[in-house]
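Asker: For reference, the structure I am asking about is given below.
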Amino acid sequence: MSKAIGYAAQAGDQPLNYFEFERREPTGNDVEIVIDYCGVCHSDLHTARGEWAGVRFPVVPGHEIVGRVLRVGSNVTKFKVGDTVGVGCLVDSCRSCDCCAEGLEQYCENGFVGTYNGDDKHLGGHTFGGYSNHIVVDQDFVLRVSDKLDLAAVAPLLCAGITTYSPLRHWNIGPGHRVGVVGLGGLGHMAVKLAKAMGAEVVLFTTSSNKVADGKRLGADHVVISKDPEQMAAWANKLDFILNTVAAPHNLDSFLALLRFNGTMTLVGAPAEAHPSPNVFNLIFKRRSLAGSLIGGIKETQEMLDFCAEHNIVADIEMIAMDDINDAYERMLKSDVKYRFVIDMSTLNQK
Ligand code: NAP
Ligand code: ZN
Ligand code: ZN
């Protein structure tokens with residue numbers, strides 16, 4: 001075992017603080033990675049504050065990891081020392097169920113192993129994530145990252161990127177589609193960029209009037225202030241697909257009413273408290289669907305990273321030091337993120 005250092009929440013009502021813990025020695029299939037950058041996802045906040053069911057403390061969050069390979073196990077063929085690599089939300093799964101066989105490890109019927117707060121099959125207890133100096137991951141769950149892009153801005157692709165790419169692909173979004181994106185945060189700003197790159201007409205729905213210009217700069221063809229009923233009414237029955245990234249409970253009907261006949265709204269936002277139930281008539285009269293989607297599998301995550309490298313897509317980030325993390329969470333709760341915080345892990349020092 002080797003000593004690792006990071007930042008952890010010891011309880012839901014405690015700020016994150018310096019924390020020391022153990023990582024396993026790399027086994028034959030493992031890659032040991034020095035972490036350079038880690039993105040800050042709203043799921044980190046939901047977990048660190050104990051909002052979701054079943055959170056185990058201490059929580060070392062972080063699942064948008066970019067770094068360099070330091071050591072490889074004897075069976076590792078996919079990576080070599082010095083390679084630039086990424087780790088997203090998954091570090092293992094059963095590898096034998098139908099979902100795993102299809103490369104959809106996020107839906108593993110026996111439960112995937114999350115990068116943090118998953119069952120640690122090697123050391124027991126639970127896994128610790130990327131707000132740390134290094135991590136040991138099976139080569140099958142490590143991603144190749146292009147050196148051509150700004151690596152700090154690549155980190156958020158590992159969750160915000162794949163979580164929005166996967167449903168856009170699953171619902172076959174492309175030219176001729178009019179796609180709504182709800183919420184311009186970490187996930188939402190990636191959804192705008194990706195849907196645009198896939199050829200769709202993009203309509204952004206935001207509660208923040210100060211994000212209109214940014215929405216257009218990021219690729220939205222239209223920006224709608226979702227708190228304004230008149231602006232919303234103008235889009236009734238006009239959208240083929242909506243990706244809803246909002247991190248808080250809200251009225252889904254106001255968005256379902258914007259879908260055309262046969263349209264789908266997919267929820268990726270995961271607030272701990274339930275949304276008010278939608279009105280069924282809003283669904284049945286136009287055969288609309290309300291769906292959900294969870295991150296993406298390893299194969300699709302690699303496909304997304306390659307797509308982003310090809311289209312020169314990265315996140316718009318604000319770099320922070322490790323010590324800034326608690327302030328960053330407070331700003332995230334005020335929708336004051338442009339549009340992803342990324343921790344410069346070189347600022348994490350032994351205390
Ligand atoms: P984020 O950066 O905080 O963005 C969320 C955005 O939602 C905000 O910027 C804001 O956009 C909007 N919003 C926030 N509160 C709102 C409210 N009360 N009413 C209406 N809009 C509100 O969060 P994120 O990292 O993108 O994550 C979003 C959600 O997705 C979180 O719940 C996270 O846990 C979840 N998530 C799910 C998956 C998955 O696999 N399904 C993966 C990653 C994250 P505007 O200012 O534009 O309104
Ligand atoms: Zn995430
Ligand atoms: Zn499985």
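Asker: For 189, 250, 222, give me the order by solvent-accessible area with a 1.4 Å probe, most accessible first, ignoring ligands, DNA and RNA.
Answerer: On the way: 189 0, 250 35, 222 60 Å².
Final ranking, largest accessible area leading: 222, 250, 189.
Asker: If you rank 241, 19, 112 by how much accessible surface each has, with a 1.4 Å probe, what is the order from largest down?
Answerer: Values: 241 5, 19 35, 112 75 Å².
Reading off the accessible areas and sorting them downward yields 112, 19, 241.
Asker: Counting DSSP beta bridges with both partners in the chain, what percentage is antiparallel, nearest 5?
Answerer: Working: 33 of 59 bridges.
Just about 55 percent of them are antiparallel.
Asker: On average, how much accessible surface per residue is there in the chain, in Å², for a 1.4 Å probe, leaving out ligands, DNA and RNA?
Answerer: 41 Å²
Asker: Longer than 24 Å from Cα to Cα, which of 196/299; 193/338; 299/334 are they? Say none if no pair is. All intermediate terms of the calculation are to be shown ahead of the outcome.
Answerer: Numbers: 196/299 22 Å; 193/338 14 Å; 299/334 34 Å.
The pairs that break the limit, which is 24 Å between Cα atoms, are 299/334.
Asker: Which whole-number percentage describes the relative contact order of the chain, with Cα contacts under 8 Å and a sequence gap of 6 or more?
Answerer: On the way: 829 pairs, mean separation 62.5, N = 351.
It rounds to 18 percent for the chain.
Asker: From Cα pairs below 8 angstrom and at least 6 apart in sequence, can you work out the relative contact order of the stretch 1-154, rounded to a whole percent?
Answerer: Taking the mean separation of contacting Cα pairs over the length of the stretch 1-154, I get 28 percent.
Asker: Taking 8 Å as the Cα distance limit and 6 or more residues as the minimum spacing, I'd like the relative contact order of the stretch 160-292 as a percentage. Intermediate values should be presented prior to the final figure.
Answerer: Details: 272 pairs, mean separation 27.5, N = 133.
Worked out over the stretch 160-292, it gives 21 percent.
Asker: Taking the Cα centre of the stretch 160-292 as origin and charging only Cβ (+1 Lys, Arg; -1 Asp, Glu), how large is the dipole, in debye to the nearest 20?
Answerer: 300 debye
Asker: Could you name the lysines in cross-link range of residue 121, using Cα to Cα under 20 Å and dropping any fewer than eight places away on the same chain?
Answerer: Once the sequence-local lysines are set aside, what remains near residue 121 is 3.
Asker: Another question, then. Given bins 10 angstrom wide, list per bin the percent of all Cα-Cα distances in the stretch 153-253, short to long.
Answerer: Taking every Cα pair in the stretch 153-253, the percentages come to 16, 52, 29, 2.
Asker: Along its principal axes, what span do the Cα atoms of the stretch 28-133 show, with the longest given first and each in whole Å?
Answerer: Principal extents (Cα only, largest first): 39, 34, 23 Å.
Asker: Percent of accessible area on the chain owned by carbon and sulfur, 1.4 Å probe?
Answerer: Here it works out to 50 percent.
Asker: Let me ask something additional. How much accessible surface does residue 346 have with a 1.4 Å probe, in Å² rounded to 10?
Answerer: Accessible area of residue 346: about 90 Å².
Asker: Once you compute Rg and the Kirkwood Rh from C-alpha atoms, what is the Rg to Rh ratio for the chain?
Answerer: 0.97
The values are calculated or read from the model by the stated rules, or taken from the named source; none is laboratory data. Since this is a predicted model, take the numbers as computed values, not measurements. Using ideal geometry, Cβ is built from the backbone for each residue, glycine included, and neighbour counts are taken over all protein chains shown. Side chains included, ligands, DNA and RNA excluded: accessible areas come from the protein's heavy atoms. Shrake-Rupley method; radii C 1.70, N 1.55, O 1.52, S 1.80 Å.
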